[in-house]
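Here's the structure, in structure tokens; my notes come after.
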């Protein structure tokens, strides 16, 4: 008969069997976990694939090289990196609770994650400002908002996000030292203290989201006035009709992008509300895991919103999936509808 103690020792596994200081491996098996890993892996793959379609579409087709689409491109890049880098890392830790990428990556990983999340929010703010100018001052939009200026704004925004995250983690407790757990080898434990959760809540959520909501409230008020103006001048001269039509189309675009903002808030508000109820938030807590994945899902949903609302995304996706982008002069193909 087997000794019970021998059976117990046989089931114990370690992240790094050759190291005496290795953490114990908590292997999660069973149909429920297998199903969970498959679902999360599919989400990661779909996030990468869909956002890659957005990036290729806007980058390849000349007709899509507009200031607004450049901002959407910036958002898609951040979402793509979430699916390519952040999601697989979280899935890896869910599989057996071990961290195999070393201490340096353990330190850099939360920094990368926060930079990407901050860049997404920065893109949202830029999109809101862009649509505010387009709807509230449509006649001067083309002169005030250009591709060159938008490109500079995107670079500046990503740079400021990186600077903010470095400062945030440094003051949270000296970035490259404190984020590494020393209890055993193979563990990556990130701890965010309550005061700094509040600071992050104010500076990277409440303030920017308030700006976005104020801008969109103004946009929709202007949209209602423009709708009344359209009905009032139906019989006016053709030139005036064209001006009103342009303004109306920009208002529709603002409503579509406003829905993206709403989805973003819906994904992030539960995370911040729950984090306020905890003294410290750790990367291995159930709150971080569940609500963290809810925030990741926002990166998967954005390209689906494009597919639903934007005809140019559906048309460009057909070009890409059927390999027609390799045809000569395909970049000059007419993707946008004639009345857009």
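Overview of results
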{"quantity": "Which numbered condition residue 282 misses (of (1) buried (at least 16 other Cβ atoms within 10 Å of the Cβ); (2) touching a helix residue (DSSP H, G or I) at 6+ places or on another chain (Cβ under 9 Å); (3) at pLDDT below 70; (4) more than 29 Å from residue 136 (Cα to Cα))", "calculated": "(1)"}
{"quantity": "From 132, 100, 109, residue being surrounded by fewer than 22 Cβ atoms within 10 Å (Cβ to Cβ) and assigned to a loop (DSSP other than H, G, I, E, B)", "calculated": "100"}
{"quantity": "Of all residues making up region 306-335, the number that are more than 16 Å from residue 48 (Cβ to Cβ), buried (at least 16 other Cβ atoms within 10 Å of the Cβ) and at pLDDT below 85", "calculated": "3"}
{"quantity": "Residue match in region 165-174 (condition: modelled with pLDDT of 70 or more, in contact with a helix residue (DSSP H, G or I) (Cβ under 6 Å, 6 or more places away or on another chain) and assigned to a helix (DSSP H, G or I))", "calculated": "yes"}
{"quantity": "Test: residue in region 289-301 that is farther than 30 Å from residue 195 by Cβ, part of a loop (DSSP other than H, G, I, E, B) and at pLDDT 80 or above", "calculated": "no"}
{"quantity": "Selection count where residues are in contact with a helix residue (DSSP H, G or I) (Cβ under 6 Å, 6 or more places away or on another chain), more than 15 Å from residue 56 (Cα to Cα) and outside any loop (DSSP other than H, G, I, E, B), scope region 306-340", "calculated": "1"}
{"quantity": "Cross-chain or 6+ apart pairs with Cβ under 7 Å, region 188-207 first and over 20 Å from residue 289 (Cβ atoms), then part of a helix (DSSP H, G or I) and modelled with pLDDT of 80 or more", "calculated": "204/118; 204/121"}
{"quantity": "Residues located in region 16-53, provided they are touching a helix residue (DSSP H, G or I) at 6+ places or on another chain (Cβ under 7 Å), outside any loop (DSSP other than H, G, I, E, B) and within 14 Å of residue 90 (Cβ to Cβ)", "calculated": "37, 40, 41, 43, 44, 47"}
{"quantity": "Residue match in region 220-229 (condition: closer than 24 Å to residue 272 by Cα and at pLDDT below 75)", "calculated": "no"}
{"quantity": "Test: residue in region 63-71 that is modelled with pLDDT of 90 or more, in a helix (DSSP H, G or I), within 12 Å of the chain's Cα centre (by Cα) and closer than 17 Å to residue 299 by Cα", "calculated": "no"}
{"quantity": "Criterion violated by residue 303 - all others in (1) in contact with a helix residue (DSSP H, G or I) (Cβ under 8 Å, 6 or more places away or on another chain); (2) farther than 13 Å from residue 57 by Cβ satisfied", "calculated": "(2)"}
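The values are calculated or read from the model by the stated rules, or taken from the named source; none is laboratory data. Being a predicted model, the structure only gives us computed values, none of them experimental. Neighbour counts are summed over all protein chains in view; Cβ atoms, including those assigned to glycine, are modelled from backbone coordinates with ideal geometry.
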